[in-house]
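The values are calculated or read from the model by the stated rules, or taken from the named source; none is laboratory data. A quick note: this is a predicted structure, and the numbers were derived from the prediction, not measured. Glycine gets a Cβ as well: all are built from the backbone with ideal geometry, and neighbour counts include every protein chain shown. Keep in mind that these areas ignore ligands, DNA and RNA; they rest on the heavy atoms of the full protein, side chains included. Shrake-Rupley method; radii C 1.70, N 1.55, O 1.52, S 1.80 Å.
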Protein chains: 2
Amino acid sequence: MPTTVIIGGVAGGMSTATRLRRKDEQRRIIVIESSGYVSFANCGLPYHISGTIAERSSLLLQTPESLAARFNIDVRVNQRAIAIDRQRQEVTVRDDQGDTYLLNYDTLVLSPGAEPFLPDLPGIERSLTLRSVEDLDRIIDGIKDAQSVALIGGGFIGIEVAENLQKLGKKVTILEKTQQILSPLDPEMSAIVRRHIADNGVTVLTNASITAIGEKNIELSDGRTVLADAVITAIGVRPATELAETAGLDLGPLGGIAVDDQQRTSDPKIFAVGDVTEKPDAINGQPSLAPLAQSANRQGRLIADVIAGEDVARRPVLGTAIVGAFGLATGVVGWNEKRARSQGRDIRIIHLHPVQHAGYYPGASPIHLKLVVDANNDAILGAQAVGRDGVDKRIDVISTAMSAGISASRLADLELAYAPQFGSAKDPINMAGFIAENLVKGERNAQWYEVSDYLEQGWTLVDVRTPAEYEHGAIPGSMNLPLDDIRERYQELAGHKVLVHCQVGLRGHIAATLLQNLGFTDVVNLDGGYLTWSQGTCYQ
Amino acid sequence: MPTTVIIGGVAGGMSTATRLRRKDEQRRIIVIESSGYVSFANCGLPYHISGTIAERSSLLLQTPESLAARFNIDVRVNQRAIAIDRQRQEVTVRDDQGDTYLLNYDTLVLSPGAEPFLPDLPGIERSLTLRSVEDLDRIIDGIKDAQSVALIGGGFIGIEVAENLQKLGKKVTILEKTQQILSPLDPEMSAIVRRHIADNGVTVLTNASITAIGEKNIELSDGRTVLADAVITAIGVRPATELAETAGLDLGPLGGIAVDDQQRTSDPKIFAVGDVTEKPDAINGQPSLAPLAQSANRQGRLIADVIAGEDVARRPVLGTAIVGAFGLATGVVGWNEKRARSQGRDIRIIHLHPVQHAGYYPGASPIHLKLVVDANNDAILGAQAVGRDGVDKRIDVISTAMSAGISASRLADLELAYAPQFGSAKDPINMAGFIAENLVKGERNAQWYEVSDYLEQGWTLVDVRTPAEYEHGAIPGSMNLPLDDIRERYQELAGHKVLVHCQVGLRGHIAATLLQNLGFTDVVNLDGGYLTWSQGTCYQ
């Protein structure tokens, strides 16, 4: 009977195991898991800290017993694969008593996941991390009596943990080394989330360079000290490649295991799946890491099909992700502007701030949406969205559109479900498409960080909002000429190059086209209006 | 100065007007609207009945004055176009004083919308309809003192109105002439909504053949009488083609105005937009009506571009739609099974009942999802979804996939945003793709209405749920053999053709593949499991 040994019993590994059993009843399937748990809901771990997910047991989706009963899979927890002999097709396993034994395999699947990065800092041994159920138990124990908790790292998991600690009444400080939290976002989008988190009582320190972790605090290089009865680090993960490296398997340029389109490593008898592998990026085909559960599950399923002899191939990854915190959702897909610019892409940027459903229906709230578009072919390179409601839907629609190669302009034509509680006759997605279409047709926009350049070059900044809006807060150097007055007063701008803006971009667009129709040749609309400008500049 | 006259000032007409102004400042744009209001939110009207949308004014998105100030559009409300002289390019208009005058046009745009059908019944003059703001006012007045209200028609608008009347404490009865409410759904999906509406206190009568509307009640042909202090009819709409017909414009086979890919009627100087027109169906290209706001807006924008000289063409329509009632959302896109079968298509049907986000996160609730797939090429022909949360998202993703030509199996690969509050690592959409993939690879499923056929043909119906589930309710004629016992007990089925089922279809799939791997050749899984079967049969 052929034997498949799977190292790692979460997401990718367990997807392989169960799918493989459905494909093949006549095979030994053995799963080696170093922790005490398989198939646990790692994405749910932060929510048990606060009791939002009340029962720890609800995070444990399967047990070795249930997997044996249903799938005849031999699951061995608290055991660790410590060596692979590729010649003999043999894995050395250390069992829960510390004894070692050998396991032969016909195919081997590596699904060890990724391990948290830990910065090299004095006192770092005091810091907790969150990756396994055991980690979770340590955190719950470690914060029990803590009044203050410092979170090193302002990424997705850091923010989820911060929310859950805050719910427990802890004094939470997020320490982020770079200029902004949530690096998958561009800074003006990140600022929305930062403001929201701060408004909910979490202290967020950026450019926070830690010099030492003390017994009750953390010291920063600028002399500040942050109270920290407990410390949790979540600055990212790296592929857990130790076993693969020792076995001489090829790694890719980013330090993950290199695999082919069937998830085969450089040894054709050995597959790798999930966070430990490098995946082709959907935009440019280059290796990427993207440690996400969805693609781990998908790859696991694929490996089972390959082992069962089917002709299947992986798809590249877009890296769709979302995080919720304090009632605000933040979603991303594909590339952000930073990345597109660093790759030298010729791009168009679109910001908009529509409400998630009909504005006249109770509960309307804004979605801040950003699209990064290839200026050469109108392809969508990426999107970011932040809002209280409907963010996941828009990111999923854009992800689907990207996956299908729908251009940014064609978003205008998507037929999205509309009733007042659910959307708008012109959905935010359609609105983004309208703007993309206008840009394709030659309309020009400017970005929030370009306003000062325009002013220096002698352009006139015209705020077309109402006088009341203008008085409430305006961009320095702007003049107020309300949209509805332009037909009467446009001669005031005669001979000027005009950068127009409104609150969110729509009236600015109307004003820009009107001025062009009235004979102005140099007219640019400020993308996303005053709102994007203020989001972009508020933490500068 | 060229003149464009637009007849009808909602959705399509007003989209044309405002877009055209942005394209062309040097043009007279005149809008003739027969009601007292333009740009009102017709999809919001039902929600003002109950006060859910508290302010009537919030339904009025624009006024003639605001449109004049911002877009220099000449909007004339309470005026009616009564004749078109195509030779002279002239419209006869009756103004609000009853006087008539002539308007010359260079281009004419017809956007009169659709009018409610009224059945030919004694007493029908007592029935109210809901299409305009004036209708809304009449309904609010008409139900003020009513204790009971009968709603003729169990379609989307009927159900929205029913919910809002129920909120006011009225005794509401929905009278539906056919076997099921919500005709865009197939019966087993419609049954979920019907049950939910009934559970919320609305009486739903199907196969209700009305003989007369009395002063305080409605009489049915089967002798029943329904209390009805007020009567509202919402049995659908028909294109308001009277003016177009009088002018000799061509109609299409469904009675709407026939237009070309630029929305031109048979007279090249006259365009038509929105509910009054026929549109090409996205699945087979045949004319369809699909009276939806989104496509009206989109066509309006397109007409403006065409008048401005751009080379653009409409896209076919999928007919995405959604309705919410009593906390339950129901969405559709494309064709249902009834339609696909009536067209003689070779199809595969997929039912599933996943929860909308991680099951371990609080608030998980099922989405009942159905996919209609072309058996020849795996193309998605349509989808239906019913659930408390996340229905709009899944319908939008499927609509986008259909629009892009993504096959049903490829739904498995979509990268959808996952965090426990928003989705699952295997989203319902991915799950639908997995099932589609299995069917492509030869797995067989049966539909709820085929169970009796299988039993008659001697198949053994095996319920693989637990004994506790089985005792709680089972399909007549089934035997219980729990999934986890199959490896021990499968000999009991030796020689049988086996139709397996579980609660929702997943364990049934595992059981079916296991039995095949154990040597059974005739194994079929009941699609959607016991749940779809019970939904399909509960009102039969």
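One residue alone among B:Val323, B:Val312, B:Val333 is at the interface with another protein chain (Cβ under 10 Å from one of its Cβ atoms), in a loop (DSSP other than H, G, I, E, B) and touching a helix residue (DSSP H, G or I) at 6+ places or on another chain (Cβ under 7 Å), and that residue is B:Val312.
For the stretch B:468-481, the count of residues that are surrounded by fewer than 18 Cβ atoms within 10 Å (Cβ to Cβ), closer than 22 Å to A:Asp24 by Cα and under 39 Å from the mean Cα position of the chain (by Cα) is zero. Counting only residues that are among the hydrophobic types (A, V, I, L, M, F, W, C) and within 24 Å of the chain's Cα centre (by Cα), which one in the stretch B:49-60 is farthest from the other protein chains (Cβ to nearest Cβ)? The extreme case among them is B:Ile49. Scanning the stretch A:405-415 for residues that are surrounded by 24 or more Cβ atoms within 10 Å (Cβ to Cβ) and either assigned to a loop (DSSP other than H, G, I, E, B) or free of Cβ contacts under 8 Å to residues at least 12 places away in the same chain (or both) gives A:Ile406, A:Ala408, A:Leu414, A:Glu415. Evaluated against (1) surrounded by fewer than 16 Cβ atoms within 10 Å (Cβ to Cβ); (2) in contact with a Gly (Cβ under 8 Å, 6 or more places away or on another chain); (3) of a type outside the set (Asp, Glu), A:Leu175 falls short on exactly one condition, (1). Only one entry of B:Ile367, B:Ile303 meets the criterion of being touching a residue at least 60 places away in the same chain (Cβ under 8 Å), among the β-branched types (Val, Ile, Thr), under 30 Å from A:Leu60 (Cα atoms) and outside the structural domain of B:Leu168 (by TED's automatic domain parsing), and that entry is B:Ile367. The residues in the stretch B:214-247 that are part of a loop (DSSP other than H, G, I, E, B), open to solvent by less than 40 Å² (accessible area, probe 1.4 Å) and polar (S, T, N, Q) can be counted, and the count is 1. At least 1 residues being touching a residue at least 60 places away in the same chain (Cβ under 8 Å), under 12 Å from B:Trp448 (Cβ atoms) and open to solvent by 10 Å² or more (accessible area, probe 1.4 Å) is the threshold, and among the helices (runs of 4 or more DSSP H) wholly inside the stretch B:482-538 those reaching it are B:529-537. For the stretch B:393-404, the candidate set comprises residues that are at the interface with chain A (Cβ under 7 Å from one of its Cβ atoms) and out of contact with any Ser or Thr (no Cβ under 8 Å at 6 or more places or on another chain); within that set, the residue that is surrounded by the most Cβ atoms within 10 Å (Cβ to Cβ) is B:Lys393.
Only residues that are touching a strand residue (DSSP E or B) at 6+ places or on another chain (Cβ under 8 Å), assigned to a loop (DSSP other than H, G, I, E, B) and more than 9 Å from every other protein chain (Cβ to nearest Cβ) were counted across the stretch B:360-392, and they come to 7.
Table: residues versus (1) open to solvent by less than 20 Å² (accessible area, probe 1.4 Å); (2) under 33 Å from the mean Cα position of the chain (by Cα).
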site: A:Thr100; (1), (2): no, no
site: A:Asn104; (1), (2): no, no
site: A:Leu108; (1), (2): yes, yes
site: A:Pro116; (1), (2): no, yes
site: A:Glu125; (1), (2): no, yes
site: A:Thr129; (1), (2): no, yes
site: A:Ser132; (1), (2): no, yes
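Applying the condition of being of a type in the set (A, V, I, L, M) and surrounded by fewer than 23 Cβ atoms within 10 Å (Cβ to Cβ) to the stretch B:420-435 and asking which residue is farthest from B:Thr521 (Cα to Cα) yields B:Ala425. Give the number of residues within the stretch B:466-512 that are in contact with a Cys (Cβ under 6 Å, 6 or more places away or on another chain) and either away from chain A (no Cβ under 14 Å) or among the acidic types (Asp, Glu) (or both). The total comes to 0.
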